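The structure that follows is given in the form of structure tokens.
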Amino acid sequence: MILVLTDDLDARLLGEHLADYPNLRELAAEGTTFDNAFVTDPLCCPSRATILRGQYAHNHRVVGNWWPQGGSRKFRDLGREGSTVATWLQDEGYRTALVGKYMNEYHGTRVPPGWDDWYGISGDHLSTRLSENGRIVGYDPERRHLDDVLAEKAVGYVRRAADDGSPFFMWLGTSAPHAPAEPAPRHEGAFPDARLPRPPSFDEEDVSDKPGWVRDNAPLDQRQISPMENLYRNRLRSMLAVDEMTGRLVDALEESGELKNTYVFFTSDNGWHAGEHRLTTGKWTAYEEDIRVPLIVRGPGVPEGRTLDHLVLNNDLAPTFAELGEAQAPRFVDGRSLKPLLSDDPPPLEDWRTAFLVEAATELGATVVPLLSGDQLPEKWRHAPREDWGRPGLEAVRTEDHLYAEYGNGERELYDLRKDPYQLDNRYGAADPELLLRLRGRLAALRGCAGADCRAAEDGH
Ligand SMILES: [Ca+2]
Ligand SMILES: [Ca+2]
């Protein structure tokens, strides 16, 4: 089993440009694409902790990228790394390998429990050093692009694992397309005419409906749009190396005779916004741009060229790998196995989850801000800085039709996603009281849920 985990790839970028990535296009043609895949905590480290453990962030408690809210040290100090998808599979005789990005603030050479082979990026998001089974190796980005190095490591691992005979699980965390999204030199001239998407929510004209942290933003000006446009092109270009990496992996699997036995999952740890609702580039909001991610799965028995509309989450990946690997997922897991959706006979939509929780804390300096304290939030946190990441802590419920968000400062948002897919018109003030009651009830059931209770709350039982 291979998980290709990109960094900050939004669903739209891949959706609009799949034709430009022949290997990913082939992966989709040979597998199943999930058109409604989401992350429940749209920021790198919380999402990666969720992917490793199958839990909502309120349960694993890694709620930011940096100490003391998050980071790999927090994950370790809380004892979370002792039970992850890697340890579960290792216990069942799988060989496990991590190649590339693990979590924020991973430094040094320490290998967390559960990993037989480790080629983790050591250092910050600009680092080109790998911790290779206890040894730091630096790579000169002028000579070899880091994603090309990761591709070589991954392909080498696949070839060795095929010879070894025991089943394997590989986490392949790419550096693309995370900002600054430096493309490989051979891709620098690609996408010369690509234009930053300008959906109806781009530079939203009327933000009077929005909460204060959005409402107070001035219209975007060219000094903000130009760098977003450049970054967008570099994001597209940087993904070309990931496309090639995917192709090389599939080729290596085929050559070693393992392709028919191997599941390949392709996804991202969070989405990305660039200009929507007057927000410059970023993530970690409950808006669609940030919570939607691509998810493509190919493997034995997985129907080819199919798309599914089921709501699937980053919480689901760990229990899915556990079930596919015949390992037992612990009771603390909040997500559910996607195995039934990988069959010819997936459960109908009405027998699947109809809602999920989105949660995002705030990170103000080194201060730990609770996910949400309702109106009890201390005064000093009620007026967060007016930047993307300065929004108040939020909890939201996303159903098939609506997004309902509650902020720690008491502000609320409600969008009718059927009528208003771009989230231009916050209906909270004019909402049907019965609808509001229902959504509040669903949010209340999901907030603080654990294990099977999360799944029941998501199903609406
Ligand atoms: Ca990320
Ligand atoms: Ca509006």
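Bear in mind these aren't lab numbers, they're just calculated from the coordinates by the rules spelled out. Since we're looking at a predicted model, the values are computed, not measured. Glycine also receives a Cβ, built like all others from the backbone with ideal geometry; neighbour counts cover every protein chain displayed.
List, in order, the whole-Hz ³J(HN,Hα) value for each residue of the stretch 203-210 obtained from phi through the Karplus relation with A = 6.51, B = -1.76, C = 1.60 and θ = phi - 60°; use x for Gly and Pro.
After applying 6.51 cos²θ - 1.76 cosθ + 1.60, I find 6, 2, 5, 10, 10, 5, 7, 8 Hz.
Here is a further query. Out of residues 5 or more away from residue 268 or on other chains, whose amide H comes under 5 Å of its own, with H placed 1.01 Å from N in the peptide plane?
6
Mind listing the phi-derived Karplus ³J(HN,Hα) values for the stretch 258-265, rounded to whole Hz, using 6.51, -1.76 and 1.60 with θ = phi - 60°, and x for any glycine or proline?
9, 4, 6, 9, 10, 8, 10, 10
Another question, if that's okay. Test of understanding: what is the full-extension gain from residue 20 to residue 226, defined as 0.36 nm times their sequence separation minus their Cα-Cα distance?
So the chain would gain 71.9 nm between residue 20 and residue 226.
Could you check the spin-label model distance between residue 326 and residue 133? Points 7 Å from the Cα along Cα→Cβ, value in nm.
2.7 nm
Can you give me the long-range amide H partners of residue 96? Hydrogens built in the peptide plane at 1.01 Å from N, cutoff under 5 Å, separation of 5 or more residues or another chain.
So residue 96 has HN proximity to 116, 117, 169.
Additional query: Report the number of Lys pairs in the chain whose alpha-carbons are under 30 Å apart, with separation of 8 or more residues or on distinct chains.
18
Moving on to the next point. Trypsin sites (Lys or Arg not before Pro) within the stretch 153-256: which are DSSP loop residues with at most 13 other Cβ atoms inside 10 Å?
Passing sites in the stretch 153-256 are 195.
With only Lys, Arg, Asp and Glu charged, each at its Cβ (+1 for the first two, -1 for the last two), find how big the charge dipole of the chain is about the Cα centre; round to the nearest 20 debye.
That gives the chain a dipole magnitude of about 1120 debye.
What do you get for the angle between helix 44-53 and the principal long axis of the chain? Use alpha-carbon atoms, 0 to 90 degrees, nearest ten.
60 degrees
Taking other Cβ within 10 Å of each residue's Cβ, how do 6, 267, 399 sort, fewest first?
Ranking 6, 267, 399 by Cβ neighbours within 10 Å, fewest first, gives 399, 267, 6.
Per DSSP H run of at least 4 residues, take -39500 (n - 2.57); add these up for the chain, divide by its residues and hand me the 222 nm value, nearest 500 deg cm²/dmol.
Mean residue ellipticity at 222 nm (helix-derived): -8500 deg cm²/dmol.
Under 11 Å from the 7 Å Cα→Cβ point of residue 110, by amide nitrogen: which residues of the stretch 59-83?
Zone members listed by number: 72-79, 81.
Between residue 29 and residue 349, what's the calculated FRET efficiency when r is the beta-carbon distance and R0 is 30 Å? Round to 0.05.
0.80
Here is a follow-up. Could you calculate the FRET efficiency of residue 444 with residue 163 from 1/(1 + (r/R0)^6), where r is the beta carbon distance between them and R0 is 51 Å, rounded to 0.05?
0.45
A further question on this structure: Can you run phi through the Karplus equation (6.51, -1.76, 1.60; θ = phi - 60°) for the stretch 62-68 and list ³J(HN,Hα) in whole Hz, with x for Gly and Pro?
Per residue, the Karplus-derived 3J(HN,Hα) values read 8, 10, x, 8, 10, 4, x Hz.
Work out, step by step, the length gained on full extension between residue 256 and residue 430: first 0.36 nm times the residue separation, then minus their alpha carbon distance; give nm to one decimal.
Working it through step by step, the gained length comes to 56.6 nm.
OK, next. With 10 angstrom as the radius, rank 10, 216, 334 by how many other C-beta atoms surround their C-beta, starting from the fewest.
Placing the least packed residue first, the sequence is 216, 10, 334.
When a footprinting reagent is the concern and you count Cβ atoms within 10 Å, what order do 332, 38 take, fewest first?
332, 38
I would also like to ask the following. Using DSSP, restrict attention to beta bridges with both residues in the stretch 57-197 and report what percent are antiparallel, rounded to the nearest 5.
Percentage antiparallel, nearest 5: 40.
Quote the relative contact order of the chain in percent (integer), defining contacts as alpha-carbon pairs under 8 Å separated by 6+ residues.
22 percent.
Farthest toward the dipole's positive end in the stretch 117-258, which of 161, 128, 181, given Cβ charges of +1 (Lys, Arg) and -1 (Asp, Glu) about the Cα centre?
The Cα lying farthest towards the positive end belongs to 128.
For the chain, with the dipole built from +1 on Lys and Arg beta-carbon atoms and -1 on Asp and Glu ones, taken about the Cα centre, which of 312, 397, 113 lies farthest toward the positive end?
Value computed over the given set: 113.
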